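Scroll down for the structure; my scribbles are underneath it.
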Amino acid sequence: MTGEENRPAKRRKTKGNNPSIVKIGDKTIDLTAYLRPQENPVKKPPTNGVEKASPTTEEKQEPETKGNEKTEAGKPHKGVSKRHQNARATPMLRARKALPIWAHQEDIKSSLRKDNDILLIVGETGSGKSTQVPQFLCDEPWCRKKKVQVGSNTVNVGGMIAITQPRRVAAITLAGRVAKEMGTPLAPRQEGSVGYSVRFDHVVPKGTKIKFLTEGMLLQELLRDPSLRQYSAIIVDEIHERSVDVDLIAGFLKQILASDKAGRGGIPLKVVVMSATADVEKIQEFFNPQDVHSSMQLLRIKGRQFPVEIHHTDRPVPDIQEALIKQIFDIHQQEPLPGDILAFLTGQEEIEAAQRLIEEHSATLPSNVPKIQAFPLYGQLSIQAQQDAFKPAKQAYTRKVVLATNIAETSVTVPGVRYVIDCGKAKVKQFRARLGMESLLAKAISKSSAIQRTGRAGREGPGKCYRLYTAETYESLQEADLPEILRNDILGAVLTMKARGINDVLSFPLMDSPDVDSVEKALLQLLFLEALASDGTITEVGRKLALFPVSAPYGRVLLAAAEPEYDCLLEVIDIIACLTSGENIFHQLQAEDEPTRDDVEEHRKELYRREGDILTYLTAMQRYAAENADRIDWCRRRRINVRNMKQALSIRQQLRGICAREKLLAELPPPDPQPFVPLPPERADALLRCFLRGFALRTALLAPDSSYVTVQDRHVVAVHPSSVLHGHRREAIMFLEHVFTQKNYAKKVSAVQADWIVEAMGRR
DNA sequence: GAGCACTGC
């Protein structure tokens, strides 16, 4: 788990006599070829590199300038390029100069001149780093496009700065803000200096110098252009969130920095890594000057936050719900209005219970006391219900309490919050490679997460944070959350590496390396999917899978669907579009839906199929696409997630496009709406057999005691209540997801025949 | 009889 990549021997697993032999069911597979190290991918630099101490620049915070975020924007300046010099930008320039990062402009520029290629910036929220750093750098001499010789070709290298974001909205809104500040249009097919590229949405004007993109997007670009030739610099923002994608990006960047730059005609790539948390040792160690032949400077920049008073409990609370309610009403009675409360809870169930308690208590408040109103906020809530949590309370003299999951920690900002209550826990998804399943359980948060939650009270003024745990408990928390690459299934990450030509994935440089078990599991699954050949190298199938914006098993099903034997590609695209559009397209029916509940069930009945969830999703998608009148109303009547269905349509269009380009699809189907035609049973069989090409290992057989036992590991699984097959008995089931929460659950379940499973396994 | 949060040619 150290970030050092040159000691694979230590990570090798010792299993029996030969560590490279593993068994799946009755099959024995030799992993020797998979684990064989290739020649060291990170070239040692010549030893003339002088090591510099990393200077830490502490900075005095500029006096608070009120309303700097709200400064009127100058109108986009037509004709481009002579930016931020023109008079119209002046009020905005003043606002920019007030940002804490402005004082570091020269430091930032000079630290990347000459031979220095890497810079690490630690900037708290509100320092302005995401908007200003690219602007500081884009006029630097090293940022110009250059014509160079690569092999026998003359190519252009550099000219653009990429800045990565973990979320789409951030990439889009930051691009919008920077475009305004630079007075340049942000529109396709125009000339401009700023662009963005996220899934389903690309606005990259001609002459773009600064491009915001999601991490996944840059990874896709890396597959096509391993040297990132169009860029002079890559800025990796929010690296502290440590997504799998950002970890892979860091690894690829390290390889580029350490390489001889032949792929870039000798022109160096500058790398700026930006983090909002102070624990940067791991990052510094990772981009070790020894390895990459350049010294990494570190710059610390103060943020702009109001002070937040922190309160811990004196002793551990026995009952979180009770403590929460008491805390809410204490704040309500002691603190003046306005000032809303944001409470962090673990999940929907807890939130709904708390909401009921608050409503009961609230009803007992005397009439001369301000009212209190609770709003839930979590990801699967409808757009409308989420927006209710952002709007000020409807009635006057009312305090709003937002009961939120982790969604309010990073993804959304609730305005008006002065008080935060932190229960100290969060649900975390963890992949258990040995069992091949995920778990989703509430666990203690990390210190950095607690600090992040606290900060949510100080966005608009001084605030208070009440932690429902003791100061000792806080001190005992982990410094940071486990990075995703140590918690998630790394199937996709391993495929990306293989597709990028990394044969020996165990020696790929990573800040945190997953254990060998997980890597082996992923390699074996890729072998099962025929993404890898028996010698561990990537196959044509594997290359194609890496291009699909879906997980490898889904990609494999897409490829199989195009084979004449199954011939159901359009249907499979519809299904996968639905499956990957969000948690579940069906909203859970709640007590509040009561007057319409039967009506909703009646409408839903025409979608439910006895074959299971896959066919149900297909029916839902096809009926939705056939709907010509009001699709939103169609969803409302069935309590179907509108957002997910819209997303599903976009994914469908994207997948159809890719399949057409990859010659899996002869021609694009006619546009919607097309009349709905139910899939005949024999076609349904073909479709399910096709899904088994990706999911044969995720199957279970009905046991005499009516439980389902998995084929691969002989575990008992229960059909999840969200499945249409919940409570039904079938000979055998195939499930697309496998999660431990209260129980070992199979989700997205379909009925299959036992001999289909045998057939699918026999193909290997 | 139950669902942390993101993301992708």
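The values are calculated or read from the model by the stated rules, or taken from the named source; none is laboratory data. Keep in mind it's a predicted model, so treat the numbers as computed, not measured. So basically every Cβ, Gly included, is an ideal-geometry build from the backbone, and we count neighbours across all protein chains shown. We work out accessible area using only protein heavy atoms, side chains counted, and drop any ligands, DNA or RNA first. Shrake-Rupley method; radii C 1.70, N 1.55, O 1.52, S 1.80 Å.
Here are the numbers for this structure:
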| item | result |
| --- | --- |
| Percent RCO, i.e. relative contact order, over chain A, from Cα pairs under 8 Å lying at least 6 residues apart | 12 |
| Distance in nm between pseudo-label sites at A:Thr173 and A:Gln742 (7 Å out along the Cβ direction from Cα) | 3.6 |
| Percent carbon-and-sulfur accessible area, the range A:103-231, ignoring ligands, DNA and RNA, probe 1.4 Å | 49 |
| Accessible area per residue, Å², the range A:171-273 with all protein chains present, probe 1.4 Å | 31 |
| Linear extension gain, A:Gln387 paired with A:Val148, 0.36 nm per residue minus alpha-carbon span | 80.9 nm |
| Sum of -39500 (n - 2.57) over DSSP H runs of 4+, divided by residues of chain A (222 nm, nearest 500) | -10500 deg cm²/dmol |
| Percent carbon-and-sulfur accessible area, the range A:308-481, ignoring ligands, DNA and RNA, probe 1.4 Å | 51 |
| Debye intensity ratio I(q)/I(0), log10, the range A:568-675, q values 0.14 Å⁻¹ (C-alpha model) | -0.56 |
| Long-range HN-HN contacts of A:Phe212 with modeled amide H, under 5 Å | A:Ile163, A:Gly195, A:Tyr196, A:Ser197 |
| Most positive-pole-ward Cα, A:Ala754, A:Pro185, A:Ile733, against dipole of chain A from beta carbon charges | A:Pro185 |
| DSSP-defined antiparallel bridges as percent of all bridges, chain A, nearest 5 | 40 |
| The range A:466-624, relative contact order in percent, only Cα pairs under 8 angstrom and at least six apart counted | 14 |
| Within the accessible area of the range A:634-764 (1.4 Å probe), percent carbon and sulfur | 53 |
| The range A:665-764 - convex hull of alpha carbons, volume per residue in Å³ | 149 |
| Average accessible surface area per residue within the range A:568-675, 1.4 Å rolling probe, Å² | 48 |
| Protection proxy ranking of A:615-626, A:311-322, A:258-269 - average other beta-carbon atoms within 10 Å, highest first | A:615-626, A:258-269, A:311-322 |
| Calculated SAXS-style log₁₀ I(q)/I(0) at q = 0.19, 0.21 Å⁻¹ - the range A:343-446, Debye, Cα scatterers | -0.99, -1.16 |
| Beta bridges by DSSP in the range A:308-481, antiparallel share as percent, to the nearest 5 | 25 |
| Of A:Lys129/A:Lys180; A:Lys605/A:Lys646; A:Lys261/A:Lys663; A:Lys129/A:Lys270, those spanning more than 25 Å from alpha-carbon to alpha-carbon | A:Lys261/A:Lys663 |
| Net charge of neighbours whose Cβ lies under 9 Å from the Cβ of A:Gln132, counting Lys and Arg as +1 and Asp and Glu as -1 | +1 |
| 19 Å Cα-Cα reach of A:Lys146 towards aspartates and glutamates, excluding residues that sit fewer than 8 places from it in its own chain | A:Asp115, A:Asp117, A:Asp225, A:Asp260 |
| Size of the range A:143-203 as Cα extents on the principal axes (Å, biggest first) | 41, 25, 20 |
| Percent RCO, i.e. relative contact order, over the range A:308-481, from Cα pairs under 8 Å lying at least 6 residues apart | 32 |
| Spatial separation of Cα centroids for the range A:199-257 and the range A:398-447, in angstrom | 28 |
| Listed pairs A:Lys521/A:Lys743; A:Lys427/A:Lys748; A:Lys209/A:Lys429; A:Lys254/A:Lys447; A:Lys211/A:Lys544; A:Lys147/A:Lys282 exceeding 31 Å between Cα atoms | A:Lys209/A:Lys429; A:Lys147/A:Lys282 |
| Listed peptides A:462-470, A:542-550 by packing density, highest first (mean Cβ within 10 Å) | A:462-470, A:542-550 |
| Taking the C-alpha atoms of chain A, convex hull volume expressed per residue in Å³ | 196 |
| Heavy-atom accessible area order for A:His587, A:His726, A:His715, largest first, 1.4 Å probe | A:His726, A:His715, A:His587 |
| Two-site FRET efficiency, A:Arg315 against A:Phe200, from Cβ-Cβ distance with R₀ of 30 Å, rounded to 0.05 | 0.05 |
| Solvent-accessible area per residue for the range A:308-481 (1.4 angstrom probe, square angstrom) | 49 |
| FRET efficiency estimate (nearest 0.05) - Cβ-Cβ, A:Gln334 to A:Glu359, R0 30 angstrom | 0.90 |
| Per-residue SASA entry for A:Leu736, accessible area with 1.4 Å probe, Å² rounded to 10 | 10 |
| Length released on extending from A:Ala626 to A:Lys646, taking residue separation times 0.36 nm less the Cα-Cα span | 5.8 nm |
